[in-house]
Amino acid sequence: MMIPSARYVLAFLVNVVLPAFAYRIAIGRFGMVDALIASAVPLIVWMIIDVVRYRHFDALSAIVLAGIAMSLMVLLSGAARWMGEAREPAVSGIIGVLFLLSLFLDRPLVFYLARSTMSREQQGRETEFDARWQSSPALARSIRLMTAVWGIGLVGENLVRLWITLVLSEPDAGRLSTLLRYATYGGLTAWTIVYRRRYLKRAR
């Protein structure tokens, strides 16, 4: 079983560092579509290994991959023409809206991210997590807080990126927008790790 600190570092590398690195290498040589496809490769490989080896589905990788997929769909559709430079931030901002809308559901999106993490730590722990969700109001509040933070963070980040695309010209706009995207994912991931550790200490 992988120790927690190593698991978090690996998750950060796979979901933030490697996609950003692949994007930066490809964008200068092949254009935005191919760069987005390149950034998705580490996520797809990670998810396949996760399913085949551990019988585990990584929810965080799936969310990042969904954002890339939506961006690709818009870029390859007719909508890309009238959305102009704002198309990519506007599309990826949908993820943040989904986080916020999920607060109205019985189980918000971060519930599934947390459940995925528990499953990775030890097989069968997801059942324990489901039981705690039903019996612990404090856990439910913490999950909803994390969902709200991710939703607000992603929506706010995309509003800033939208402003960048309207004010700056390429290639500066694209570079700064991409840097801000992965910095936001990295910051939200780091905050989640710290907050989770503090919650577990209080819960002991």
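Taken together, the values in this text are just the output of simple stated rules run on the coordinates, not laboratory data. All values derive from a computational prediction rather than experimental measurement. Positions of Cβ are backbone-derived with ideal geometry, glycine not excepted, and every protein chain shown enters the neighbour counts.
Brief remarks on what is shown
- Counted charge near LEU103, where neighbours are those whose Cβ lies closer than 14 Å (Asp, Glu -1; Lys, Arg +1): +2
- When PHE111, PHE104 are sorted by how many other C-beta atoms sit within 10 angstrom of their C-beta, beginning with the fewest, the order is PHE104, PHE111.
- Residues VAL97 and ARG125, FRET efficiency given R0 of 25 Å [Cβ-Cβ distance, rounded to 0.05]: 0.25
- Over all other residues within a Cβ to Cβ distance under 10 Å of ILE143, the charged ones net out to +4, with Lys and Arg as +1 and Asp and Glu as -1.
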